[in-house]
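Beneath this line is the structure, given in structure tokens, with notes to follow.
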Amino acid sequence: MLKIWSMKQQQQQAENAEGAAGKKKKKVTAAQLRVQRDLQELTLGSTMKMSFPNPDDILNFTLTIEPDEGMYKGGAFHFSFNVNQNFPHDPPKVKCTQKIYHPNIDLEGNVCLNILREDWKPVLNLNAVIVGMQFLFLEPNASDPLNKEAADDLRQNREAFKRNVRTSMTGGTVRNVQYERVMK
Amino acid sequence: MASADSSLRWKHLHKVLTKPGPFSDEDWVPGSETISALETSKILGAGGLGCEILKNLALSGFKDIHVIDMGKSPPITFSGIPQLTLTDTIDISNLNRQFLFRQADIGKPKAEVAAAFVERRVKGVKITPYVGKIQDKDEDYYMQFKIVVCGLDSIEARRWINATLIGMVDPENPESLKPFIDGGTEGFKGQARVILPTLSSCIECQLDMHAPRPAVPLCTIATIPRQPQHCIEWAHQIAWQEKRKDDPFDSDDLDHIGWVYNAALERAKQFHIHGVTFQMTQGVVKNIIPAIASTNAVIAAATTSEALKIATSCNPYLDNYMMYAGEEGVYTYTFEAEKKPDCPVCGNLARNMTVDPDMTLQEYIDTLGDRPEAQLKKPSMRTEEKTLYQRFPPQLEEQTRANLQRKLRDLVEDGQEIAVSDPAYTIDFRYRLLFK
Ligand SMILES: [Zn+2]
């Protein structure tokens, strides 16, 4: 044990600690530090906004996507992001906070995006997730459905699917499910 | 002190501690001082391997042992007296590595049963059990130990204790450095490592050696389950959300597991899938890795043997990583894992920076651009509890802009650590701000 302690002292001398070390205080966590960096490196187009209910808590925030093209144009879609202390080992938890008609988002708000689950890697960052989310609104895809009815509609009749999207976005009912109004 | 009986028990151990061997350090003084160093070392054993570790520590001569384990139902077990009764009740059907146990102990906390058992078997040892999570305890608690030995079953818990022990190191106080011995197993594979917080490679430096297990795509779970595990994931992630939204899922609550099990069973029936069991449900939702008793024994033995060597200095300790691969024959390999200079936990430890507390945050940021050791032109920065200034996204910039005009003394405390990121650098910086 003494040997280990003297190793520490040697290291300390080598670093030539300036002045007193002071009392120990809470350290910024690895997850916070990584999110701070990721936020700084985001590229948000004009179609995306973020909001931080508590600016001191950067691990919890909302992303709003307002597509300016595609079938979901004119809507404003809100997603809650929850990043845990195990980030970036764990992906962020993302949920849609509105009830929307989308083949890759279920009525509970769960999102089917590969990099949020099986393809998540710690080298990916928040920007990758946000780009992926934006893509879901430009290219909804029927092959990975979470809302099976919506996926069937998209596969079988694209025009009818588009009409359903418009109906749902204005708060209408599609296949007996009433959706939330999401127009800006 | 030593009765005839106890001196017999420790005869072999004392041989190692009272005579130098070919590998002992030149400066080492064998004898009673070394023995008393061992007997007075307060040591902590934690996690699923904790019971096995506890037994080994007690039999290695440690006399003041603390143990943390959150295990509830599966009883404890000791090699030596086989007493295996398997029934199909919930309490004991999930015993995979619980090779031996006593019927009377079923349902009691593991740590307590283990403590009482070892105290009975090894005279003179004092064991203090705590039933709960390692995260329940704070730095003051961990500060009392000389060595921490962990056999935790989750990466999250490992990272937590790693960051805690590294954060505790105070250069002014050598005893704040707690050698941390980590053991882990996964089926027939395992590893033991010795971490000297801030001195050697840490868990976080080695994180990429643990590939996360691939998760099943949510879409598969939602629409076309093919395996019993998919039905369990569906019940856990989708059905629970729908039906019990306001009830946070607790993987340690047997009622919750039971609910998920029944929902999964129902779904499996619909899709004609066989093989959903309660045990599998528990494994999937808790992400339990299969545990093999003998792998656990090998790894627990390796970690406790390192604890003995570190506490007594009798022989050189593991430097620093031993992997054990038993899945294809047996292969072990020891190497020195390297400390990563940019490790977010042990790398770039906070450097002291003396500041004038009456300077505004804006003025401080300007000085960061000029200071030769910093040269940060576009920094964003925070403390553990406060976002001081975040340059992007615009919403957060607006929310933190007012801080720029505030004085440092109103934003941080003397001696507090801040973390700074700047797009010009791929690593982040930590500074401890000392008021002038
Ligand atoms: Zn490290």
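The values are calculated or read from the model by the stated rules, or taken from the named source; none is laboratory data. This structure is a prediction, so every number in the text was calculated from the model and none was measured. Counting neighbours? That spans all protein chains shown, and the Cβs are built from the backbone with ideal geometry, glycine included. Areas reflect the complete protein model, heavy atoms only, side chains present, ligands, DNA and RNA absent. Shrake-Rupley method; radii C 1.70, N 1.55, O 1.52, S 1.80 Å.
Does the range B:295-313 include one or more residues that are surrounded by 15 or more Cβ atoms within 10 Å (Cβ to Cβ), more than 14 Å from every other protein chain (Cβ to nearest Cβ) and within 16 Å of the ligand (Cβ to nearest atom)? Can you show your working first?
Going through the range B:295-313, the residues surrounded by 15 or more Cβ atoms within 10 Å (Cβ to Cβ) turn out to be B:295-313.
Then drop every residue that is not more than 14 Å from every other protein chain (Cβ to nearest Cβ), which leaves B:295-305.
Still in the running and within 16 Å of the ligand (Cβ to nearest atom): none.
No, the range B:295-313 has no match at all.
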Practice item. Return only the number of the condition from (1) at pLDDT below 90; (2) under 19 Å from residue A:62 (Cβ atoms) that residue A:109 does not satisfy. Key: (1)
Exercise for review: Please work out if residue B:201 is within 15 Å of the ligand (Cβ to nearest atom), modelled with pLDDT of 90 or more and in contact with an Asp or Glu (Cβ under 7 Å, 6 or more places away or on another chain).
Suggested key: yes
Exercise for review: Under 6 Å between Cβ atoms, at least 6 apart or on separate chains: pull out the pairs that start in the range B:320-342 with a residue that is in contact (Cβ under 8 Å) with a residue 40 or more places away in the chain and end on any residue that is more than 16 Å from the ligand (Cβ to nearest atom) and open to solvent by 100 Å² or more (accessible area, probe 1.4 Å).
Suggested key: B:323/B:333; B:325/B:331; B:326/B:188; B:327/B:188
Review point. Of all residues in the range B:317-331, which are within 16 Å of the ligand (Cβ to nearest atom) and in a strand (DSSP E or B)?
Key: B:321
Check your understanding: If you scan the range A:149-184, which residues turn out to be outside any helix (DSSP H, G or I) and open to solvent by less than 30 Å² (accessible area, probe 1.4 Å)?
Key -> A:171, A:172, A:174, A:179, A:182
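Filter the range A:58-73 down to the residues that are part of a loop (DSSP other than H, G, I, E, B), over 19 Å from residue A:101 (Cβ atoms) and open to solvent by 50 Å² or more (accessible area, probe 1.4 Å) and list them by number. Working first, answer last.
From the range A:58-73, those part of a loop (DSSP other than H, G, I, E, B) are A:58-59, A:66-73; that's our starting set.
Right, trim to over 19 Å from residue A:101 (Cβ atoms) and you get A:58-59, A:68.
Once the filter is applied, which keeps residues that are part of a loop (DSSP other than H, G, I, E, B), over 19 Å from residue A:101 (Cβ atoms) and open to solvent by 50 Å² or more (accessible area, probe 1.4 Å), the range A:58-73 yields only A:68.
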Exercise for review: Return a yes/no flag: does the range B:252-263 have any residue that is within 14 Å of chain A (Cβ to nearest Cβ) and either away from the ligand (no atom under 16 Å from the Cβ) or open to solvent by less than 40 Å² (accessible area, probe 1.4 Å) (or both).
Suggested key: no
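Assess whether residue B:242 counts as being part of a helix (DSSP H, G or I), out of contact with any strand residue (DSSP E or B) (no Cβ under 9 Å at 6 or more places or on another chain), farther than 29 Å from residue A:88 by Cβ and within 11 Å of another protein chain (Cβ to nearest Cβ). Can you show your working first?
Details: part of a helix (DSSP H, G or I): yes; out of contact with any strand residue (DSSP E or B) (no Cβ under 9 Å at 6 or more places or on another chain): yes; farther than 29 Å from residue A:88 by Cβ: yes; within 11 Å of another protein chain (Cβ to nearest Cβ): yes.
Against the criterion (part of a helix (DSSP H, G or I), out of contact with any strand residue (DSSP E or B) (no Cβ under 9 Å at 6 or more places or on another chain), farther than 29 Å from residue A:88 by Cβ and within 11 Å of another protein chain (Cβ to nearest Cβ)), residue B:242 qualifies.
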Check your understanding: Are any residues in the range A:123-148 open to solvent by 50 Å² or more (accessible area, probe 1.4 Å) and within 8 Å of chain B (Cβ to nearest Cβ), and if so, which ones?
Key -> A:144, A:148
Practice item. Assess whether residue A:88 counts as being touching a residue at least 40 places away in the same chain (Cβ under 8 Å) and more than 22 Å from residue A:48 (Cα to Cα). Key: yes
